[in-house]
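Participant: My structure is below; once you've seen it, I'll send some questions.
The values are calculated or read from the model by the stated rules, or taken from the named source; none is laboratory data. As the structure is a computational prediction, the values presented were derived from the model and not from experiment. With ideal geometry, Cβ positions are generated from the backbone for all residues, glycine too; neighbour counts draw on all protein chains shown.
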Amino acid sequence: MVAFHAWPYYIWRMPIRMLPDTLVNRIAAGEVIERPAAAVKELVENAIDAGATRIDVVVRDGGKSLITITDDGCGMAPDELALAVERHATSKLPSDDLLDIRSLGFRGEALPSIGAVSRLTLTSRPRGADSAWALTVDAGLKGTPQPAALAQGTRVEVRDLFAAVPARLKFLKASRTEFDHIGDCIERLAMAHPGVAFTLDGDNRSPLRLSAAQGDLLDARLTRLGALMGRDFQDNAVPVQAAREGVTLAGWIGLPTLHRPTARHQHLFVNGRPVRDKLMVGAVRAAYADFLPRDRHPMLALFLDLDPQEVDVNVHPAKAEVRFRDQGLVRGLIVGALKHALAEAGHRASTTVGLATLGALRPESGVDADGTILSPSPLPYRSPGPQPAQSWGGSYGSVVPRGLADRATAFQAPHQAPLPPLQGRLAGWQAAPAARPPDYAAQAAAAPPLDSHPLGAARAQVHNTYIVAQTTEGIVIVDQHAAHERLVYERMKTALLEGGVKRQALLIPELVELDEPSANRLLGRAAELAELGLAVEGFGPGCVLVREVPALLGQSDVKSLVRDLAEELAELGDALSLKERLEHVCGTMACHGSVRAGRSLSVEEMNALLRQMEATPHSGQCNHGRPTYVELKLSDIERLFGRR
């Protein structure tokens, strides 16, 4: 009787042997060709490396029954066809240096791997040749080149993918899903190579048609990105161009108010190769951290180019991941370039904010998660008659808290000259007598031509929360609290960089009671908070004493501010760097020091706020990523009332 040991199974001793080539190729196919889209990616990359200017892709049954890729590249001679389907044969590694990869493909496994699990036919005609040749590989069995008919270039036909490995075939998704993966693959490659025309057809789906983009590379990329990511992105993207120590970064990034619920609209490329890299994704998140809600993601396409010796593209079988030699250099370049580009955009907010507003105003329309207006319909007819009175906040003749005008004009953008006095220029804006309605026509005629400014001239304050301004092209509606919050925040960040925020001593120190862990967290960050102008010290278990506050905040609720800061520090913990923690704290403090919703503002104060927004970077969105203003074009308003 055999004695069994406590092992889950036996390993029977067998002689060591070499696996047959067909099985080796199928193993390689499992690493490289995980689904039809992976085969398309490898073959399209080969076409791009061959110098193709046009690539046509046709698929059937999600690529499971047929994939055909035709290009007008350099083509292959008969002897090259036979060599191309051998393992580890390549024309893309001239120096035999695996760290010097200057093409999209180099592994030499794509064609033999595909041929091992399908019926593969290569047809090619080199430039200047008088005929074409074809070669077939059926489940790893290679035929011989035969004469064929084809114009210049190469056609690759893949039939019955994974027929030789049924186990892999049954793990594929539905044909529609596989087709979508193929479409995503081609779109990413098309973004990186705007000078190449692409087509994709099959499975009764809407065909993809992309003509070759013209002009310089940056503009050509924007044209291609607009065709693939939508007109909204093309209209609301800002350019990125930066270089540092031989590493260059270019591309287009969406304004912070153009964001999406997922990161699928973030496209990253390294040396023309689409990649998924945690370092680059983290750098993008850090650059936008100041401007977006935590559950939203920006739209962008970034193209990083560097010496192939400085990046390893061989860390993933499908070449989807990379490893940088100098990670700090790459991350710093991306964060700095994106922040600079967003700062150059100034106060701009995306046009989609206004479009979403118009969609919300249409009774039978909706707006999807991406901000797209759904099924707009005209406003229903209303018969004449009395309408409910609207509640309007008091802008004209309202009582303004003393000193508020000075506070509003005090928040100048960094390095900006003080604004000239506005009182004399706005003399026409007077309170209307209570016995008769305001003479708006006379007031408008007396107003100076401030509507030539980007954010226009203040005309009213609605519900003591929203400023309505008139521009030469329409109207702008501003959330006064959100806008002022961004102005205070940017001022605090500038002061922090210049050596610290000025403090204002409290006449009577404020005692704030907290739970003991929260108080300890605050006191542990006392030195950092002091840089921001907030001086705190311990005053027994669970209590902190506030002696000084940032002068920028003016009269604020100190107790609420300290409690919010304690919660903020508890959430952030030690996961962020000192600078990133301070920026989050700045945002919380700015929120408490801003003009609150429900506060009545004079016309002078409203216009001062508008001018400050125009002069302050990132003022198109508040510290929490929400838009600070909505712009409605006059033509759009006219459409709402059936005038167009």
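Participant: Given the residues T223, T199, T154, T136, which is the only one that is outside the structural domain of T53 (by TED's automatic domain parsing), among the β-branched types (V, I, T), in contact (Cβ under 8 Å) with a residue 12 or more places away in the chain and farther than 13 Å from I67 by Cβ?
Facilitator: That would be T223, the only listed residue that is outside the structural domain of T53 (by TED's automatic domain parsing), among the β-branched types (V, I, T), in contact (Cβ under 8 Å) with a residue 12 or more places away in the chain and farther than 13 Å from I67 by Cβ.
Participant: In addition: Which residue pairs have Cβ atoms closer than 8 Å, lie 6 or more positions apart in sequence or on different chains, and pair a first residue in the stretch 596-614 that is assigned by TED's automatic domain parsing to the domain that holds H453 with a second residue that is aromatic (F, W, Y) and modelled with pLDDT of 85 or more?
Facilitator: M613/Y629
Participant: Take the residues in the stretch 151-194 that are among the hydroxyl-bearing types (S, T, Y) and surrounded by 18 or more Cβ atoms within 10 Å (Cβ to Cβ); name whichever of them is modelled with the highest pLDDT. Spell out how you get there, then give the answer.
Facilitator: Keep residues of the stretch 151-194 that are among the hydroxyl-bearing types (S, T, Y), which gives 154, 175, 177.
Those still in the list that are surrounded by 18 or more Cβ atoms within 10 Å (Cβ to Cβ) too: 154, 175.
Values: T154: 96, S175: 92.
Ranking the qualifying residues of the stretch 151-194, first place goes to T154.
Participant: A further question on this structure: In the stretch 296-320, what count of residues is obtained for those that are over 24 Å from L225 (Cα atoms), among the charged types (D, E, K, R) and at pLDDT below 90?
Facilitator: Result for the stretch 296-320: 1.
Participant: Output the number of residues of the stretch 469-478 satisfying the condition of being more than 30 Å from the chain's Cα centre (by Cα) and crowded, with 18+ Cβ neighbours inside 10 Å.
Facilitator: Initial filter on the stretch 469-478 (more than 30 Å from the chain's Cα centre (by Cα)): 470, 472.
Narrowing the set further to residues that are crowded, with 18+ Cβ neighbours inside 10 Å leaves 470.
Selection size over the stretch 469-478: 1.
Participant: Please work out which one of (1) crowded, with 19+ Cβ neighbours inside 10 Å; (2) small (G, A, S); (3) under 22 Å from S560 (Cβ atoms) is the condition A505 fails and give its number.
Facilitator: All conditions are met except number (1).
Participant: Show the residue pairs meeting these rules: Cβ distance below 9 Å; 6+ apart or different chains; first residue within the stretch 319-341 and under 18 Å from E245 (Cα atoms); second residue buried (at least 21 other Cβ atoms within 10 Å of the Cβ) and aromatic (F, W, Y).
Facilitator: Pairs that qualify, where the first residue is under 18 Å from E245 (Cα atoms) and the partner is buried (at least 21 other Cβ atoms within 10 Å of the Cβ) and aromatic (F, W, Y), are L338/Y288.
Participant: Right, A349: surrounded by 15 or more Cβ atoms within 10 Å (Cβ to Cβ), in contact with a strand residue (DSSP E or B) (Cβ under 6 Å, 6 or more places away or on another chain), at pLDDT 65 or above and not in a helix (DSSP H, G or I) or not? Please lay out each step first, then the result.
Facilitator: Numbers: surrounded by 15 or more Cβ atoms within 10 Å (Cβ to Cβ): yes; in contact with a strand residue (DSSP E or B) (Cβ under 6 Å, 6 or more places away or on another chain): yes; at pLDDT 65 or above: yes; not in a helix (DSSP H, G or I): yes.
Yes, satisfied.
Participant: Looking at the stretch 195-214, can you tell me whether even one residue there is surrounded by fewer than 19 Cβ atoms within 10 Å (Cβ to Cβ), in contact with a Leu (Cβ under 8 Å, 6 or more places away or on another chain) and among the β-branched types (V, I, T)?
Facilitator: yes
Participant: Going by the structure shown, is G51 outside any strand (DSSP E or B) and touching a Pro at 6+ places or on another chain (Cβ under 7 Å)?
Facilitator: Values: outside any strand (DSSP E or B): yes; touching a Pro at 6+ places or on another chain (Cβ under 7 Å): no.
Taking the combined requirement at face value, the residue does not satisfy it.
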